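K.L.:
Below are the structure tokens for one structure; questions will follow.
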Amino acid sequence: GLIMFSEVITEIVETRKALELRNKELQSIFDAFPDLLFHLDKKGTYLDFKAGMQKTFMPPELFLGKTIPEIMPPETAEFQMALLRKCIESGEIVREEYSLPGKEGLDHFEVRFLPINENEAVAVVRDMNPLARQRIELKETIQQLKRTNLDLEQFAYVASHDMREPLRMIGSFSDLLGARYGDKLDKNGKAYLEYIRKGAEKLDILTRQLLEFSMADKKEVIREEMELRHLIESNLEILVPFLNERRAKIEFDPLPKKITCNAIQMGMVFQNLITNGIKFNTSQNPTIIISGEETKNETLLRFKDNGIGIPEAASEKVFKVFRRLHNHDEYGGTGIGLALCKKIIESHGGKIYFESEVGKGSTFYISVTKQN
Ligand code: ADP
């Protein structure tokens, strides 16, 4: 009997030890807890609490034994009591965010009521101030970015639009100067005039592309389903002199029959991709193979060239406006083409990217959604 008794005692002692350990474990979890826990009865009386990293808003002796309506401002008390009732009646967790006047304006919290039984529940209160502050900051940053973006786009639009008139004057008067007074100019004078004309020509391309770029996602663009091959070929016509000069070939592999797009904008994409494939190309026979296919939702196109290729490190850079990998003496250009393509393709709900091997060539991929 004595042995049995001492066995029971040992068991009790061990159970108590295990419980103490468990309590300690729980306490350390609570200590690291960012939330405040309140044990409440269904009348809203604060029976007990646990505060980890966060302090209670008032000393415990001021709220323990009191009810929510006695502690909280009337409005907050009303919704918390309603939540508490709902939680106990439904036996489900309920949650709500609320604010209380604090030292520096409103303090934001989230409360979750967890039912224990028909008479009691636990309220978990979380300080939402850091999150609320982050949300406000994020909102402000987004607003600011939107404003800056708008300013920049308006600036690009106004600058490129308003520059075109004086530019036309420079071009036409230097033409006139050459035609009327060309024979009065010596060799140097003629060369200078040619520089003016070339400069005006370059600036003309730059301002036109910049204008297109700033307008690309502004206009209410109408998209229609159209014959893809016809759209590509009609855009090739304007490139014929350039293609002939470079002895370039454009080949077609199987292509989807149709594409849903804005013809003018997609035409610009095709012209840019084709021109780039031929321009950045040192082969005797620059060639571009255009192919593609349809999936359920998208039309995919590939423009494969045998050009100089693009280093992998530059894969982000080339789609940024004014970014170029070469200087003007090597290859002419403005650095707007691919940025414009990206803007257009993305406004068509698609993607543009490339694969490339330096010295072998590049393949540009575009996808366009089929929906209008
Ligand atoms: P641009 O052609 O006016 O220089 P883009 O925006 O069209 O400007 O292209 C940006 C840069 O990306 C080019 O300057 C060139 O260095 C590189 N690039 C574009 N397309 C190709 C290509 N098919 N092959 C090799 N390099 C290319």
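The values are calculated or read from the model by the stated rules, or taken from the named source; none is laboratory data. It should be emphasised that the depicted structure is a prediction, and the values quoted were computed from it without experimental measurement. With ideal geometry, Cβ positions are generated from the backbone for all residues, glycine too; neighbour counts draw on all protein chains shown. Side chains are part of the model used for accessible areas, which takes the heavy atoms of the whole protein and leaves out ligands, DNA and RNA. Shrake-Rupley method; radii C 1.70, N 1.55, O 1.52, S 1.80 Å.
K.L.:
Please tell me if ARG180 is among the basic types (Lys, Arg), in a helix (DSSP H, G or I), closer than 25 Å to HIS328 by Cβ and free of Cβ contacts under 8 Å to residues at least 60 places away in the same chain.
P.N.:
So ARG180 fails the test.
K.L.:
Let me ask another. Only one of (1) closer than 19 Å to TYR46 by Cα; (2) assigned to a helix (DSSP H, G or I) fails for ASN117. Which number is that?
P.N.:
(2)
K.L.:
Let me ask something else. Name every residue in region 293-318 that is surrounded by 19 or more Cβ atoms within 10 Å (Cβ to Cβ) and within 9 Å of the ligand (Cβ to nearest atom), in order of residue number.
P.N.:
Listed by number, the residues that qualify are PHE303, ASP305, GLY307, ILE308, ILE310, VAL318.
K.L.:
Restricting to region 193-219, and then to whatever is touching a Leu at 6+ places or on another chain (Cβ under 9 Å) and of a type in the set (D, E, K, R), can you tell me which residue is surrounded by the fewest Cβ atoms within 10 Å (Cβ to Cβ)?
P.N.:
ASP204
K.L.:
Hey, any hits in region 279-289 for a residue that's within 15 Å of the ligand (Cβ to nearest atom) and on the phi > 0 side of the Ramachandran plot?
P.N.:
no
K.L.:
Which residue out of ILE232, ILE222, ILE250 is under 21 Å from LYS342 (Cα atoms), open to solvent by less than 60 Å² (accessible area, probe 1.4 Å) and of a type in the set (A, V, I, L, M)?
P.N.:
Exactly one of ILE232, ILE222, ILE250 is under 21 Å from LYS342 (Cα atoms), open to solvent by less than 60 Å² (accessible area, probe 1.4 Å) and of a type in the set (A, V, I, L, M), namely ILE232.
K.L.:
Which residues, counting only those in region 276-286, are surrounded by 18 or more Cβ atoms within 10 Å (Cβ to Cβ) and more than 27 Å from the chain's Cα centre (by Cα)?
P.N.:
GLY277, ILE278, LYS279, PHE280, ASN281, PRO286
K.L.:
What are the residues in region 118-129 that are of a type outside the set (A, V, I, L, M) and open to solvent by less than 70 Å² (accessible area, probe 1.4 Å), if any?
P.N.:
GLU120, ASP127, ASN129
K.L.:
Evaluate region 146-165: report whether one residue or more is surrounded by 11 or more Cβ atoms within 10 Å (Cβ to Cβ) and within 16 Å of the ligand (Cβ to nearest atom).
P.N.:
The answer is yes; a qualifying residue exists.
K.L.:
Checking THR260 against (1) more than 21 Å from ARG229 (Cβ to Cβ); (2) polar (S, T, N, Q); (3) surrounded by fewer than 21 Cβ atoms within 10 Å (Cβ to Cβ), only one condition comes out false. Which one?
P.N.:
Against the list (1) more than 21 Å from ARG229 (Cβ to Cβ); (2) polar (S, T, N, Q); (3) surrounded by fewer than 21 Cβ atoms within 10 Å (Cβ to Cβ), THR260 comes up short only on (1).
K.L.:
Does LYS218 satisfy the condition of being assigned to a loop (DSSP other than H, G, I, E, B) and basic (Lys, Arg)?
P.N.:
Taking the combined requirement at face value, the residue satisfies it.
K.L.:
It is to be established whether one or more residues within region 191-203 are hydroxyl-bearing (Ser, Thr, Tyr) and touching a helix residue (DSSP H, G or I) at 6+ places or on another chain (Cβ under 9 Å).
P.N.:
no
K.L.:
Okay, next question. Starting from region 278-295, take each residue that is under 14 Å from SER362 (Cα atoms) and list its partners that are hydrophobic (A, V, I, L, M, F, W, C) and in a strand (DSSP E or B), counting only C-beta distances under 7 angstrom and pairs at least six apart or across chains.
P.N.:
Once the first residue is under 14 Å from SER362 (Cα atoms) and sits in region 278-295, its partners that are hydrophobic (A, V, I, L, M, F, W, C) and in a strand (DSSP E or B) give ILE278/ILE288; ILE288/ILE250; ILE288/PHE303; ILE290/ILE250; ILE290/PHE252; ILE290/LEU301; ILE290/PHE303.
K.L.:
Filter region 319-337 down to the residues that are of a type in the set (A, V, I, L, M) and open to solvent by 20 Å² or more (accessible area, probe 1.4 Å), then identify the one that is farthest from GLY277 (Cα to Cα).
P.N.:
Filtering region 319-337 for residues that are of a type in the set (A, V, I, L, M) and open to solvent by 20 Å² or more (accessible area, probe 1.4 Å), the one farthest from GLY277 (Cα to Cα) comes out as VAL321.
K.L.:
Also, quick follow-up: Can you tell me which residue is nearest to GLU312 (Cα to Cα) among those in region 347-372 that are away from the ligand (no atom under 15 Å from the Cβ) and open to solvent by 60 Å² or more (accessible area, probe 1.4 Å)?
P.N.:
LYS351
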